[in-house]
Amino acid sequence: MDRLSMPKVTKDIVQKYGFKFSKSLGQNFLVDSNVLLKIVDGAQIEEGDCVLEVGPGIGTLTRELSKRADKVIAIEIDKNLIPILRETLSDRENVEIINEDILKLDIKKLIEEKFEGKRVKVVANLPYYITTPIIMRFLEENIPVKSIVVMIQKEVALRMNAQPSTKDYGSLSVAIQFYCTTSIVANVPKTVFMPQPNVDSTVIRLDLLDEPPCSVKDRDMFFRVVKASFSKRRKTLLNCISSSELGISKDDAFKVISGAGIDEKRRGETLTIHEFAALSNEVYDFLESVKP
Ligand code: SAM
């Protein structure tokens, strides 16, 4: 489909089926073929790859993905879109549409059953309020996928991709970068959607790491320490750690922070992921040593 015809084709399909866009399902369909191709290119689909697409809408992105992938499985929650998808993708034999809520699906089981050990890449353009929880689910539950390319609110993408000592760096940056390397695929203005949303978007690519980039003794403790360190922006690490739910006095917080080789007057937002790992390992050892 060329650039100019995409809005018209989308409009025609919507009219033909009397489809009503649902705001609560985040139904803003992409109507720009340049952006579409950027997403498909960003997914870096190689020979033999399979794609799990979440939220196919009327199937425009699905069609392009299916030209490059061995197999595409598209999960769409809205039953009103299923007959439309069956028509728009009728000639794509390697596409399977599943009418399910991704939040309720046993994704690991689906991948095992449908993709039979092949490499799986995720592509998604979803309602923004469920995108971060879904990404975290893939990462925390160790769902076996190689990469995730996802359209997300611009500010959230900047936070996921942020480096220490920048204004966007926070616990989300560390949480994502513990599991993945990140890169920005494209910035997407709100004008390329039908209907137009209120915010601009960014497509971000997450490449899942085989191992975390740093060695932590206890993953739960690592994330508790990260959370505590960012709990009060513009306060020192000493202040954040000693007044957190970790239950560590100021004196002991001073010892663990310096034990990790970190200046206690630094702020949480300046710490690298490796420094968070060293700090959490010190906190872990300390709390183990004072256990009754
Ligand atoms: N991929 C299409 C595109 O780029 O034009 C549509 C994107 S639209 C922003 C989001 C899509 O996700 C809609 O089709 C919506 O119905 C679907 N969706 C919303 N919540 C979902 C969920 N929990 N599980 C699966 N699909 C969902």
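Val216 sits with roughly 40 Å² accessible to a 1.4 Å probe, with DNA, RNA and ligands left out of the calculation. Taking all Cα-Cα distances within the chain, those exceeding 25 Å account for 53%. Of the GluC sites (Glu not before Pro) in segment 128-232, the ones in a loop by DSSP (not H, G, I, E or B) with at most 10 other beta carbons within 10 Å are Glu141. Annotation: for a label point projected 7 angstrom from Cα along Cα→Cβ of Lys67, residues of segment 26-44 with backbone N closer than 19 Å are 30-44. Take Arg119: with every protein chain present and a 1.4 Å probe, its accessible area is about 90 Å². Averaged over its residues, segment 113-172 has an accessible area of 46 Å² per residue, based on protein heavy atoms and a 1.4 Å probe.
Assuming 1.306 mPa s and 10 °C, estimate D for segment 219-289 with Stokes-Einstein, Rh taken as the Kirkwood radius over Cα pairs, in µm²/s.
Working: Rh = 11.4 Å.
D = 139 µm²/s.
The distance linking segment 159-216 with segment 14-48 is 19 Å (Cα centroid to Cα centroid, whole angstrom).
Using a cutoff of 8 angstrom between alpha carbon atoms and counting only pairs six or more residues apart, the relative contact order for segment 219-289 works out to 37 percent.
Expressed as a rounded percentage, what relative contact order does segment 1-153 have, with Cα pairs under 8 Å and six or more residues apart? Write out the running numbers ahead of the final one.
Values: 218 pairs, mean separation 35.8, N = 153.
Relative contact order, segment 1-153: 23 percent.
Here the Karplus curve 6.51 cos²θ - 1.76 cosθ + 1.60, taken at θ = phi - 60°, turns the phi angles of segment 183-193 into couplings of 8, 8, 8, 6, 9, 10, x, 5, 5, 9, 10 Hz, with x standing for Gly and Pro.
Simple point charges give the picture: +1 on the Cβ of Lys and Arg, -1 on the Cβ of Asp and Glu, and for the chain a dipole about the Cα centre of about 1020 debye.
Hey, got a sec? Which chymotrypsin sites (Phe, Trp or Tyr not before Pro) in segment 118-223 land in a DSSP loop and have at most 10 other Cβ atoms within 10 Å? Display every interim value, and only then the final one.
Working: sites: Tyr128, Tyr129, Phe138, Tyr169, Phe178, Tyr179, Phe193, Phe222, Phe223; in loops: Tyr169.
Counting only loop positions with at most 10 other Cβ atoms within 10 Å, none of the chymotrypsin sites (Phe, Trp or Tyr not before Pro) in segment 118-223 qualifies.
Were the residues from Ser231 through Gln196 laid out at 0.36 nm apart, the gain over their Cα-Cα distance would be 9.1 nm.
For segment 60-136, a/c is not less than 1.5, where a ≥ b ≥ c are the root eigenvalues of the C-alpha gyration tensor, and a/b does not top b/c. That puts it in the oblate class.
Here the chain has 49 percent of its accessible surface on carbon and sulfur atoms, given a 1.4 Å probe and all protein chains in place.
Restricting segment 162-258 to trypsin sites (Lys or Arg not before Pro) that sit in a DSSP loop and have at most 12 other Cβ atoms within 10 Å of their own Cβ leaves Lys167, Arg233, Arg234.
The values are calculated or read from the model by the stated rules, or taken from the named source; none is laboratory data. Note that this is a predicted model, so its numbers are computed, not measured. So basically every Cβ, Gly included, is an ideal-geometry build from the backbone, and we count neighbours across all protein chains shown. Side chains are part of the model used for accessible areas, which takes the heavy atoms of the whole protein and leaves out ligands, DNA and RNA. Shrake-Rupley method; radii C 1.70, N 1.55, O 1.52, S 1.80 Å.
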